[in-house]
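Trainee: First the structure, then my questions, so here it is.
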Amino acid sequence: ACVYLRFIEDNGLCERPWLSGATRAQRDLAQDRYEQFFRARPLDSDEHYLRACFEDAARLPAMGGLFDRNHNPLWRIGATGDGAKALLDLLRAVDPDTGQVKFDFRAALPSPPGGGVGGEGPDTRFLGDLYQDLSEPVRKKYALLQTPIFVEEFILDRTLTPALAEFGYRVVRLIDPTCGSGHFLLGAFRRLFDLWATNEPARNLPDLAQRALDGVYGVDLNPYAVAIARFRLTMAALAAAGIRRLADAPDFQVHVAVGDSLIHGQRFSALDLGGEAENLGSRGLAHAYATEDLEAVNRILGQRYHAVVGNPPYITVKDSALSTLYRQLYPSCHRSYSLVVPFTERFFDLALPPSDARPAGYVGLIAADSFMKREFGKKLTETFLPRVDLTHVIATSGAYIPGHGTPTVILFGRNRRPVEAGVRTVMGIKGEPSVPEDAAKGLVWSAILAQVDRPGSEGEYVSVSDVPRATFARHPWSIGGGGAADLRDAIESVASRRLADQVADLGRTTHTGEDNAFYVPPEFCRRFDLAAVSVPLVEGEGVRDYQTNIFVNALFPYDHGTAVALSPPPENFQQHMWGLRRLLRERRDFGNYIEDRGLRWYEHSMFFPNRFLRPLSIGFAFVATHNHFVLDRGGKVFNRSAPVIKLPASATEDDHLALLGLLNSSAACFWIKQVFHNKGSTVDTKGARQTTDAFENFYEFTGTGLQQFPLVEPYPTDLARRLDALAQELAECLPAAILGSLPAGSLGSETTDA
């Protein structure tokens, strides 16, 4: 709120500054105002002064909505007098070297243009950047992320622009149901204002600005982000209208409200795309949080739009009750779904359906691409998306997009039944080789722009094709360029069966529920004589280079031969665990405490004895750059990050080795990279994660996806035996194996520590 005031006073939008202003003269005027306030109210604190400033600003035209007491959480969060003083001191700080006010929020506010068309307006994007960088926990909770301008413009070019051509600028409405701080809304407003001003120059500029605002709508759950969006739109309208002082401004109506787009407003037809949608009635909640504007949200979400755009949050839902409600409203929600799933449904739901009098509305969104390959996206891709006219699937995981810590995909479509037999698909071949100076001119992004309208084109970074629609009706999606999708189909076409036909069981061996209590170094077990109640633990990081590396042991209160819990366990085990008993008793799974599930407090939270007792298994890392499948001969436990494949009890070691060779083949490596979700390379200083070189891409090897692995015969058994023998020979030479073979206490403390 203080930054809003500084922005207003720095740019001369008010008669007299409240906090400081950008110049020494403005700062002196603000100081006089401050002293005058306390002469009249000597018992008040700086917190009272700030609130008085906010109330004064709220009385200005176009500013009431920003400081509204009914919906702005500013008034519900108290600040101490000392905290308010610290804010004032910060915003009034003077650079000792120059004598000038340290912070300057001045922006280019254009004068009324001669042709009557407004300029771009002030650059208020920093407000969104400032807020999303203020608090890491808040940023993660609300998935705060400003879509870069070049991505926003691309999406608007393919949604708002054709909507304007089909419906006309006078009637077009655009909504961003996840508007955040208003990046898409600002871009849409400027385009609409330019069209109004160009086509109806006789109207006065404030009227043109309001008509452009009437075509832009937004909703977001985060009240602070909505406040920023309102402020930015207000500033853009003032600049477009050529107004230099807020006192001269009309009370612009900005259609942005706080609320949950998934549960409030109208929930329209379950895609009755043959004509006018059947009105199913409002299924939104009557309840709203104090910061939500239920009336405004219901009004905004009670109508459908010619263009629906946005960047839905990529996070999962932490609140179980809310997650259940989303599942009831959106059938595509499946397993541990990301919010991309229900929002994709909601985006199409808010777009106008076709009728005899009009065509269908446009939809465009940039989303995390995890739904394409992870199991939670199965219903979305196989049940929902085949029913709508998905027109474009554009892989942007290889492009450098600042701030996007998750690989992404752009989807375009229309709220109608599918029309064309194919879906225009931009497929990635190679990621951005290095961080570009200008992300908008990155090699991959430039290739996407140059080739998206040229089906059949293939370059160094992407290829473009009209992929048969049926391809996108089955999960997972494979949109690798350069013929990768065709090669995957060729591999699968010669398969005699799937891995699921051969596997008896697949998953982890154990889940302790409190790893810090059970995981201990091997030397700890030797020193405290706990070897009898411990086993080597295999973690995902230890399954590398076709062998298993052991970094820690897991305390194991079970009989090694029967896998039955020890009762009672050895004395030294009890002494070690006794101090942790309260922590261990509070472990919960499936909503129940461990002892309520019939287990003893010192047991693992979930233990799978059959997987442990069957010695032979094939282990793999849940996250890895490529296939590292290893043969394990028993005596270990595997956690979630290192699941195991169990063949039937009758399977021999040769059967395991035969499958091992196939799983470690280059063909298998190619297949899994087409099927499994690519988490991308490491995040850079700007929060971007994208696919780059092969050894910087990390894939999630899920058990469900792995069971679809195509099997062909004969298996490469001889090569698998050689690989296994080499791995065993190498393992015997590793430092851990050498140290483990030495008698306890044979090394001095200095050597052991080293």
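The values are calculated or read from the model by the stated rules, or taken from the named source; none is laboratory data. Predicted model, so just to flag it, every value in this text is computed and none were measured. Cβ atoms come from the backbone with ideal geometry, glycine included; neighbour counts cover every protein chain shown. In case anyone asks, the SASA skips ligands and DNA or RNA and just uses the protein heavy atoms, side chains included. Shrake-Rupley method; radii C 1.70, N 1.55, O 1.52, S 1.80 Å.
Trainee: What is the chain's relative contact order, in percent, from Cα pairs under 8 angstrom and six or more apart in sequence?
Mentor: 9 percent
Trainee: Just reorder 211, 267 by solvent-accessible area, largest first, 1.4 Å probe, all chains present.
Mentor: On the way: 211 85, 267 25 Å².
The residues order as 211, 267, largest area first.
Trainee: Let me ask something else. Run the numbers for residue 597 and residue 321: contour at 0.36 nm per residue of separation, minus the present Cα-Cα distance, in nm. Don't skip to the answer; put the middle values down first.
Mentor: Details: separation 276, 0.36 × 276 = 99.36 nm, distance 2.29 nm.
Full extension of this stretch gives 97.1 nm more.
Trainee: On to the next question. Report the chymotrypsin sites (Phe, Trp or Tyr not before Pro) located in segment 575-630 that are in a DSSP loop and have at most 16 other Cβ atoms inside 10 Å of their Cβ, or state none. Walk me through the intermediate numbers first.
Mentor: Values: sites: 578, 590, 593, 601, 602, 607, 612, 620, 622, 629; in loops: 590, 601, 602, 620, 622, 629.
Those that pass, being in a loop and sparsely packed, are 590, 601.
Trainee: Provide the packing ranking of 647-653, 556-562, 430-436, 18-24, i.e. peptides ordered by the mean count of other C-beta atoms within 10 Å per residue, highest first.
Mentor: Listed from highest to lowest mean packing, they are 18-24, 430-436, 556-562, 647-653.
Trainee: Calculate, for residue 505 and residue 130, the FRET efficiency according to 1/(1 + (r/R0)^6) with r their C-beta to C-beta distance and R0 45 Å; round to the nearest 0.05. Write down the numbers at each step before the final one.
Mentor: Details: r = 52 Å, r/R0 = 1.15.
For residue 505 and residue 130, the calculated efficiency is 0.30.
Trainee: Would you calculate the convex hull of the Cα atoms in the chain and tell me its volume per residue in Å³?
Mentor: Dividing the Cα hull volume of the chain by its residue count gives 217 Å³.
Trainee: Using only helices, what value at 222 nm comes out for the chain when you add -39,500 (n - 2.57) per DSSP H run of length 4 or more and divide by the total residues, to the nearest 500 deg cm²/dmol?
Mentor: Result for the chain, helices only: -9500 deg cm²/dmol.
Trainee: DSSP loop GluC sites (Glu not before Pro) in segment 1-66 with at most 11 other Cβ atoms within 10 Å of their Cβ, which ones?
Mentor: Sites meeting the loop and neighbour criteria: 15.
Trainee: Segment 408-433 to segment 148-204: how many Å between their Cα centroids?
Mentor: Each part's Cα centre sits 22 Å from the other's.
Trainee: For each pair in 636/679; 318/373; 379/636; 318/636, compute the distance between the two Cα atoms and list the pairs where it is over 31 Å.
Mentor: 379/636; 318/636
Trainee: Right, here's the next one. Rounded if a/c is under 1.5, else prolate if a/b is larger than b/c, else oblate: which is segment 526-597, with a ≥ b ≥ c the root eigenvalues of its Cα gyration tensor?
Mentor: Taking the square roots of the gyration eigenvalues as a ≥ b ≥ c, segment 526-597 is oblate.
Trainee: Go through 589, 515, 251 and list them by solvent-accessible area, largest first, probe radius 1.4 Å.
Mentor: Order by accessible area, largest first: 251, 515, 589.
Trainee: Same structure, new question: Test of understanding: what is the full-extension gain from residue 523 to residue 610, defined as 0.36 nm times their sequence separation minus their Cα-Cα distance?
Mentor: Details: separation 87, 0.36 × 87 = 31.32 nm, distance 2.83 nm.
So the extension gain works out to 28.5 nm.
Trainee: At R0 = 56 Å, how high is the FRET efficiency between residue 551 and residue 48 if r is their beta carbon distance? Nearest 0.05 is fine.
Mentor: E(calc), rounded to 0.05, equals 0.45.
Trainee: Can I ask one more? With labels modelled as points extended 7 Å from the Cα through the Cβ direction, what inter-label distance (nm, one decimal) is found for residue 253 paired with residue 336?
Mentor: 4.6 nm
Trainee: For residue 560 and residue 712 in the same chain, what is the full-extension length gain: residue separation times 0.36 nm, less their Cα-Cα distance, in nm?
Mentor: Here the segment from residue 560 to residue 712 would lengthen by 51.1 nm.
Trainee: Ignoring ligands and nucleic acids, what accessible area does residue 636 show with a 1.4 Å probe (Å², nearest 10)?
Mentor: Its accessible surface works out to 50 Å², give or take rounding.
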